[in-house]
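For reference, the structure is listed below as structure tokens.
The values are calculated or read from the model by the stated rules, or taken from the named source; none is laboratory data. The structure presented is a predicted model; accordingly, all values stated were derived computationally and were not measured. A quick note on method: Cβ atoms are made from the backbone with ideal geometry, for glycine too, and the neighbour counts reach across all protein chains shown.
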Amino acid sequence: MGSGGTEQTDVDARPAFDHLRDLAASGVGSEWTRRQGIAAIAAHLGAEHVRLADDRGHQWSTNPGSRIWPAEERWGLSAVRTEQFLFVRAAERLRVDDRTTLGQLGVRSVLHLPLVEQGRRTGALDVAWCHRVEWWDDRDGPVVRNLARMLLAPTG
């Protein structure tokens, strides 16, 4: 696990975030908006896999059906304190199941961001990179968490 500076990407998704925030707030096409939102988060962070999950068991992913996400439950990430994040720089040896590691699925680094609304955990944003990310210092955390919380908000 690590902390410190983030790996910078060439993609600045903040304009896309603004557009998606507007859509999320209006509730227009919520499923489409969620898919576009997690794709924008993936592009912004330079990640190949992003999963958004709510506390009711619903989830949306850039790679539906991916085998990497059951690992969250296996590792007990839901017990991570809600005000923190969990970043694993060298995740290749983490087990997905009894026979498969994340490295065998091409994943090198992972991040778990619990989402909190009014002091209560409402979901999580999980990120996986197929290249090694050396540091996560949470500079991107607030904008990514805010968009993720908006994407989880019920639509009118």
Can you tell me which residue within the range 106-133, out of those that are more than 18 Å from Trp60 (Cα to Cα) and at pLDDT below 90, is surrounded by the most Cβ atoms within 10 Å (Cβ to Cβ)? Glu117
Within the range 59-87, count every residue that is in a loop (DSSP other than H, G, I, E, B) and at pLDDT 85 or above. 1
